[in-house]
Amino acid sequence: MAEAFYTPEEELRERIDWLIRLGWLTVLGALFIVLVVSVLLPGVLAWPSLLGAIVGLSLSNLVVFFYFRHLHFPLPLGEGRVRVSQRHYLGLAHALLVLNTLFLTALLHFLGGLETPLFIFYLIYVVIASTLFPRSSSFAYAGLVSGLYLVLLLLEWFRVIPHYNLTGFRSPLRFQQPVHVFVTSITLIIAAFATAYFVSRIVSRLRARERELMEANLSCEMRGEELTELNKRLREMDKARTQFIRVVTHELRAPVAAIQSYLKLILEGYVPPEKEREIIRRAEQRALDQLALIGDLLYMARLEEPGAEAKVESVDLAQVLREVGDLLRGQAEEKGLTFRVEIAPDVPPVNADLEHIKQLWMNLISNAIKYTMAGGSVVVSLSRNARGIMGTVQDTGIGISPEDLPRIFEQFYRAENAKALEQHGTGLGLSIVKRIVETYGGRIWVESEPGKGSTFTFLLPAGTSV
């Protein structure tokens, strides 16, 4: 999981905490070394100076410890943690490491300077620097420890600072012999820079590998989230498909059952001869309803099919509207409605399937005529604005209730007042309209009040194509 990897700030906090613990170990180690040397070489060590250096390191480490705790848990506690920058943590880590190298230099001075073999502990800090910081910093610390030790030896050589001889362990004049100073210094310099090179090289490879693992882990997580989302969508699609099949089965079964009942009544002689024609007419109407439903289902399937090929061409929306208007005008006038088509002069063509545009106008206008009572009006308009091409179908019909508005574009959904006025209908017309509009990057919406009519408006971006 991605949470297993630290952020740069969290990683630096862990390293500083580790350096603080290392500081306490250094204090305990120094005390142990001093005790061992005092047993092996009694009366030789400068105890007051050594204890002063150890106490100084302890106090410095204690100050850093409390400051670090303050960064973690600022007062008052209720305000939460203070966000500290990565540069701030880096500065604190460098300060700790430099403090420890200075303490080691002081310890080496009081333990004999050139005479003590403990200068090899400088390499510990070079290793630490190589693991905590970039390669340039590791070489800088290699130079720092080499320089500190060389300065110590030179200061003792020229008697700028006193030399503490380990009586009985080394010659008292060794620290003033150039060959020993040169060999010891060169040994530390070569060891320090070699350590910095090899350790930093190994650490850089490990860090590169860690970054690769982190990227691979994040990639796996992203793929996992994508698969989770895809599975969710597949479950939703399967649920929708099951619901669709259930609804379609019900809608197809009802007309067939009605037709079968009508025919059974006639065949078994329950219908008088004078009423047979009426029963046959009803059976025919149910058959026509079923054919209409099948036709809408096939049309919807073609729209939903990903690989369906649309015959994209330059379509004149105004011309299509005129043709559909002329076709449906007689139906509107026969019902006693005022029918009007208003087309702006500057409406450009769009790239679309001609049959789609015909179906769009046909469904919207026929719905308006169907659900408008005699004496009402249906006004169809087409215009262009800054957002694209806008088509509007406005009627003074039965309207749509606020409860039905959110579901009016759902498949097979019909409002209760629509069912009461007109029994025949598939409930797919508006869902087909919505799918056509969205196919070309547009949108459709409706404004309506019960008893005051409805206004369906669609907007197609100019120059739209599939």
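The values are calculated or read from the model by the stated rules, or taken from the named source; none is laboratory data. Note that the coordinates shown come from a computational prediction; the quantities given were computed from them, not determined experimentally. As a convention, Cβ positions derive from the backbone with ideal geometry for all residues, glycine included, and neighbour counts pool all protein chains shown. Calculation scope for accessible area: heavy atoms of the full protein, side chains included, ligands and nucleic acids excluded. Shrake-Rupley method; radii C 1.70, N 1.55, O 1.52, S 1.80 Å.
The set of residues from the stretch 346-363 being charged (D, E, K, R) and either under 41 Å from the mean Cα position of the chain (by Cα) or within 19 Å of Tyr440 (Cα to Cα) (or both) comprises Asp353, Glu355, Lys358. Leu99 fulfils the conditions (1) touching a Leu at 6+ places or on another chain (Cβ under 8 Å); (2) buried (at least 20 other Cβ atoms within 10 Å of the Cβ) except for a single criterion, (2).
Within the stretch 400-414, the set of residues being surrounded by fewer than 19 Cβ atoms within 10 Å (Cβ to Cβ), over 21 Å from Glu438 (Cα atoms) and touching a strand residue (DSSP E or B) at 6+ places or on another chain (Cβ under 7 Å) is empty.
Criterion first (more than 22 Å from Lys335 (Cβ to Cβ), open to solvent by 20 Å² or more (accessible area, probe 1.4 Å) and at pLDDT below 85) does Glu422 satisfy it?
Numbers: more than 22 Å from Lys335 (Cβ to Cβ): no; open to solvent by 20 Å² or more (accessible area, probe 1.4 Å): yes; at pLDDT below 85: yes.
For Glu422, the condition - more than 22 Å from Lys335 (Cβ to Cβ), open to solvent by 20 Å² or more (accessible area, probe 1.4 Å) and at pLDDT below 85 - is not met.
Of the residues screened, Ala191 is one that is in contact with a Leu (Cβ under 9 Å, 6 or more places away or on another chain) and open to solvent by less than 90 Å² (accessible area, probe 1.4 Å).
Filtering the stretch 104-114 for residues that are open to solvent by 10 Å² or more (accessible area, probe 1.4 Å), among the small types (Gly, Ala, Ser), free of Cβ contacts under 8 Å to residues at least 40 places away in the same chain and out of contact with any strand residue (DSSP E or B) (no Cβ under 7 Å at 6 or more places or on another chain) leaves an empty set.
For the condition closer than 30 Å to Glu355 by Cα and either of a type outside the set (Gly, Ala, Ser) or modelled with pLDDT under 70 (or both), what is the one hit in Val271, Val315?
Val315
Under the condition of being free of Cβ contacts under 8 Å to residues at least 24 places away in the same chain and over 51 Å from the mean Cα position of the chain (by Cα), which residue from the stretch 328-345 is least open to solvent (accessible area, probe 1.4 Å)? Restricting to residues being free of Cβ contacts under 8 Å to residues at least 24 places away in the same chain and over 51 Å from the mean Cα position of the chain (by Cα), the top hit is Gly330. Within the stretch 172-185, track down each residue that is in contact (Cβ under 8 Å) with a residue 24 or more places away in the chain and either open to solvent by 40 Å² or more (accessible area, probe 1.4 Å) or among the basic types (Lys, Arg) (or both). Within the stretch 172-185, Arg174, His180 meet the criteria. Taken over the stretch 252-280, residues that are open to solvent by 100 Å² or more (accessible area, probe 1.4 Å) and closer than 16 Å to Ile294 by Cα amount to 1.
Scanning the stretch 364-391 for residues that are of a type outside the set (A, V, I, L, M, F, W, C), under 43 Å from the mean Cα position of the chain (by Cα) and open to solvent by less than 20 Å² (accessible area, probe 1.4 Å) returns Gly388, Gly391.
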